[in-house]
Amino acid sequence: MPEVLFSTLGMTDPIRNDYDGPFLHIMRHYKPEKAYLFMTKRICEQADLDDRYRIHAGALCKSEGFECEFIEMRYEEIDNPSDYEIFYTIFQEIINTIHNDNPGYNILINLSSGTPQMKSAAQLLSLTTNFPVGAIQVTTPNERENYGQISYNVEETWLNNIDNDPELERNNRSKKVVSTNLRFLFLRETAISNVEAYNYLAALDILHSVRDFVPEQAMSLLKAACQRKNMDLIEAGKEAKQANYDIFPVKSSDARDLFEYLLLLGLQQKSGQLMDYVRGISPALTKLFESFLEERCRRHIKEDFCIEAPRGSGFWKVKRDKIESNAPDLLNYYDSAFNCFRDSAISCATLLPMIEFECGPEGLHTDDTVLARSRLMRNVEDKIRNPAAHNIKAIKEDEFKNKAGISSKRLLQYMQWMFKYIYPYYFKADLNIWESYDFMNQAIINKLKS
């Protein structure tokens, strides 16, 4: 990747005691295409006196065989280079401008020139930018103070620069400082807290400002988590594949959709979002009852007993005439249950009599547990869901339990039980797939920390 350099300038630049100063040494070994030179009042005076920075840097480029554009950033109003706060704010603006003006370039920052305040500001900035930078530190030739002479002869100093001697072994005194960006670390921990709370969109928003530091797979899996929680399962699968993560423990489309919806209800129940949880009970129970009748009782619900009206709408009605033609005995039971059954939208209320017919004492699939729990779940829907759907007010756990007769958690456990009863082959003894979101969260966190 091509590089540009941001360098403060100090009293050891460009050459001191017959060796490169930090600015010139970085130029020698990194060969940037551009160099942005930060110049305070004192440095501007020296540049105006003999143009030492441009002359020596230009001579270096010629001798090393590369080209570099020099941009002087003159701050002649700064005559007290010991004010830390001034430098951090200015450096931040400059680095952001350099980043925007040089897309696709790596920015190098000189940490070894200028006053201690300049060096500290540059170091902190290198740790807190929204994008990666290369922080470069240069040691003195003898690894001690490199105080220089008061007088400065441009031509003589260049000729005496030992770093220019081709017969001497090159000694690279510059090195990139290896450190993790502090801003990214702080925001990453905040994002992880949101992931652990299943707030994936908030985590994505937090990491957006430090996007360049976030591993691609971590971002892809976070996007997949957002889409999964929004039940956009096709897109979630695509993003998860980009992250090399198997996101869905249940693969079959119909069973997967129901399983994922139950997982979502589980998150709502766990986080106390009971209003959303209650509103989600009806579609969950309807699909559970339909799946039970299809898979365990071999009833073809929509094909034999329903019509879609209008066609393509996804809205299905249980039709009296279709029950009569395909299962006359079942119609007798429906008439008894509804005091003469009339065409009705498919729901857990309209499917419960079919479960009673199949699982009751005279049914072909007698099962007292399924019968009892199906009735109980339908009763909960009747007691808690319907009133909640027509009122704008919070639902608390005590109210849920008083009206429904069981806790919201117990209802969730019954729905999970029924799903497992219908699709036992998705469950393994050594893996609780109901914890799928927690497994995904850990994968996201691992990728963020990789």
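Miscellaneous remarks
- Residue check for residue 278: in the same structural domain as residue 417 (by TED's automatic domain parsing), β-branched (Val, Ile, Thr) and under 30 Å from residue 197 (Cα atoms): yes
- A count restricted to the stretch 401-412 and to residues that are under 34 Å from the mean Cα position of the chain (by Cα) and surrounded by 16 or more Cβ atoms within 10 Å (Cβ to Cβ) stands at 3.
- All helices (runs of 4 or more DSSP H) inside the stretch 171-244 with 2 or more residues being within 13 Å of residue 440 (Cα to Cα) and in contact (Cβ under 8 Å) with a residue 40 or more places away in the chain: 182-196, 216-229
- Scanning the stretch 364-393 for residues that are modelled with pLDDT under 90 and out of contact with any Lys or Arg (no Cβ under 8 Å at 6 or more places or on another chain) yields a total of 5.
- Among (1) farther than 20 Å from residue 404 by Cβ; (2) assigned to a loop (DSSP other than H, G, I, E, B) - the single one residue 272 does not satisfy: (1)
- Out of 59, 35, sole residue that is aliphatic (A, V, I, L, M), closer than 19 Å to residue 12 by Cβ and part of a helix (DSSP H, G or I): 59
- The residues in the stretch 348-366 that are in a helix (DSSP H, G or I) and either of a type outside the set (A, V, I, L, M, F, W, C) or not assigned by TED's automatic domain parsing to the domain that holds residue 296 (or both) can be counted, and the count is 4.
The values are calculated or read from the model by the stated rules, or taken from the named source; none is laboratory data. Everything numeric here is computed off the predicted structure, so don't read it as measured data. Backbone-built Cβ (ideal geometry, glycine too); neighbour counts: all protein chains shown.
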